[in-house]
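Take a look at the structure below.
The values are calculated or read from the model by the stated rules, or taken from the named source; none is laboratory data. Just so it is clear, the structure is predicted and the values come from calculations on it, not from any experiment. As a convention, Cβ positions derive from the backbone with ideal geometry for all residues, glycine included, and neighbour counts pool all protein chains shown.
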Amino acid sequence: MDRLSVYELQELAGAVNHIADYVDALRERVRLLEAVIENFPGGISLFDEDLQLVLCNERQKEMLDYPPELFAGGPPSMEKLFRFNASRGEYGPGDVDDQVERRMALARERKAHHYERTRPNGMVLEIRGAPIEGGGFVTTYLDVTEDRRNQAMIAHMAHHDTLTDLPNRALFADRLQNAVALAKRSGLVAVHYHYLDIDCFKPVNDRLGHQAGDDLLVAIAGRLKRSVRENDTVARLGGDEFAIVQTGIREQADAGVLARRIVNEIGRPYELAGESVTIGVSIGVSLAPIDGITTDELLRKADAALYRSKSVGRGCFSFFREKAVAAA
């Protein structure tokens, strides 16, 4: 074998150094990629063209509670991951094989996807998947539980009274409108609107203080909620004004039963600031579609019925078309 010349040795050494530099650069890129993957704020996984898991960062394993034994024989396939999740109820009730097959069919379509899923532990995941060139798939998982909780809280606050947590005027108007629409379609007396005004609230508030007044309003709200059915709506319109939408009634007498119950319930004594306090309530009732088919008309007529109740001595209820009725 001929010996290499000095020039050839220099060329070979240069090539070796070039390869070494390339390998070092490649290792640095791999290191940076691993750092990006491990420091990603959520879970991230990569599948090859055969839908076999290539990588899965530790954050995803933590978020989805992947046990070590799931990776004991090497990275699992997508189908194995789906089956593991389905078997532990991650996708909700249903046949495990059906759940796995549906998800595998979607994965084989290799289409980008974006959706949210709530885990059994209450964690809300935002999941994004995208096909990559040459086959394969990359999927990311972000924990958006706190964001969704905050959004729900803001939405709730926008439609509920801050003191009593009852629906406010805006939500009440929406519920009443929906109930009126239902009444018009069914042709039945389906909406019962109580317009309540607390008798003697101001003297209690002035004598015992605003905190006692707030406590009284909260107690009233609780009694009203316990007096109605689950499908009815109790709202605080402001101050000491409350309203109720009663749905699914068949005749006026059904509305009268609820009105009488509320007058008696609100009239029971309250313990406030170390004192026993008794108040009353006046109620005005309008019925749809008998008294009207618009929310404005129903509110106006219920208000008129309320003032009729007040004019005859309070502590009673009135229908728009009839005189006041004592609850006792």
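How about segment 94-111: which of its residues are at pLDDT below 90 and either assigned to a strand (DSSP E or B) or not charged (D, E, K, R) (or both)?
106, 107
For every residue, the table says whether it meets (1) of a type in the set (S, T, N, Q); (2) surrounded by 21 or more Cβ atoms within 10 Å (Cβ to Cβ); (3) over 24 Å from residue 213 (Cβ atoms).
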site	(1), (2), (3)
234	no, yes, no
259	no, yes, yes
273	no, no, no
276	yes, no, no
286	yes, yes, yes
296	no, no, yes
303	no, no, no
307	no, no, no
313	no, no, no
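So which residues in segment 185-212 are at pLDDT below 75 and in a helix (DSSP H, G or I), if there are any at all? Walk me through how you get there before you give the answer.
Taking segment 185-212 first, the residues at pLDDT below 75 are 185-201.
If the condition is that a residue be at pLDDT below 75 and in a helix (DSSP H, G or I), then 185, 186, 201 are the ones that fit.
Go through segment 72-108 and count every residue that is polar (S, T, N, Q) and over 27 Å from the mean Cα position of the chain (by Cα). Even if it seems obvious, please write down each step before you answer.
Within segment 72-108, the subset polar (S, T, N, Q) is 77, 85, 87, 99.
So of that shortlist, the ones also over 27 Å from the mean Cα position of the chain (by Cα) come out as 77.
Here the count works out to 1.
Could you identify the single residue in 115, 141 that is within 25 Å of the chain's Cα centre (by Cα), among the aromatic types (Phe, Trp, Tyr) and loosely packed, with under 12 Cβ neighbours inside 10 Å?
From the options 115, 141, the qualifying one is 115.
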